[in-house]
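One structure below.
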Amino acid sequence: MSRRSLQQRANASRAERRESPRVDTELTALLETYAGSRTLTVRNISMSGALLEAGAEPLQSDVRPGAVVQLTLFDANGSASVFLKAQVVRLGGADQPSCLGGSFVRAEEDTARALEGLIVYALVKKGLPDLYRLPVWSDAPLGVPPATAH
């Protein structure tokens, strides 16, 4: 990174300093540790990490800053998944007490592409939710023209 770009990053707002911008999502994650597994909600995600919400129940006892956990990320339909390792970088906070911040551990290229696909899915779903509605199928017999033209 050039000296000029480093200076620009230093002068930018906090959100603009991220190398990997965060995307709000409706993804879910399966968090697995030696103490067991748990389903979490992915609040936001980037190519470098994710913010996960645990809900009311406490996390497993071995989930603490510095711990490495296994994550399986799923799209809203549960049809696409990505398997990643993440290091817990923070737990909770005043405004989000049940959240876990994780930084992804270096992934293979195919895993990174799958993660990128989930992020694109989150962007498209957020901006164009009508694309993800199930189609309305006609009850008319085949060969009968529909009442309305497209």
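The values are calculated or read from the model by the stated rules, or taken from the named source; none is laboratory data. Note that the structure is predicted; figures quoted are calculated from it, not measured. Quick reminder, even Gly has a Cβ in these numbers, built from the backbone with ideal geometry, and neighbours come from all protein chains shown.
Give me a count of the residues in the stretch 69-87 that are touching a Lys or Arg at 6+ places or on another chain (Cβ under 8 Å) and under 15 Å from SER37 (Cβ atoms). Qualifying residue count for the region: 3. Of note, GLN70 does not satisfy the criterion of being surrounded by 11 or more Cβ atoms within 10 Å (Cβ to Cβ) and at pLDDT below 80.
So how many residues does the stretch 55-103 have that are among the aliphatic types (A, V, I, L, M) and more than 14 Å from the chain's Cα centre (by Cα)? Full working, then the answer.
First, pick out the residues of the stretch 55-103 that are among the aliphatic types (A, V, I, L, M): 56, 59, 63, 67-69, 71, 73, 76, 80, 82, 84, 86, 88-89, 91, 94, 100.
Checking the rest, the ones that are also more than 14 Å from the chain's Cα centre (by Cα) come to 56, 59, 63, 67-69, 88-89, 91, 94.
Looking only at that region, the number is 10.
Would you please name the residue that is modelled with the highest pLDDT, looking only at residues in the stretch 96-113 that are part of a loop (DSSP other than H, G, I, E, B) and not hydrophobic (A, V, I, L, M, F, W, C)? Outline the logic, then answer.
Within the stretch 96-113, the first condition is being part of a loop (DSSP other than H, G, I, E, B), and the residues that meet it are 96-98, 105-108.
Those left that are additionally not hydrophobic (A, V, I, L, M, F, W, C): 96-98, 106, 108.
On the way: GLN96: 66, PRO97: 66, SER98: 81, ARG106: 86, GLU108: 89.
Filtering the stretch 96-113 for residues that are part of a loop (DSSP other than H, G, I, E, B) and not hydrophobic (A, V, I, L, M, F, W, C), the one modelled with the highest pLDDT comes out as GLU108.
For the stretch 47-95, the tally of residues that are in a loop (DSSP other than H, G, I, E, B) and more than 16 Å from ALA114 (Cα to Cα) stands at 18. Tell me, which residue of the stretch 114-146 that is surrounded by fewer than 12 Cβ atoms within 10 Å (Cβ to Cβ) and outside any loop (DSSP other than H, G, I, E, B) is modelled with the highest pLDDT? The qualifying residue modelled with the highest pLDDT is VAL120.
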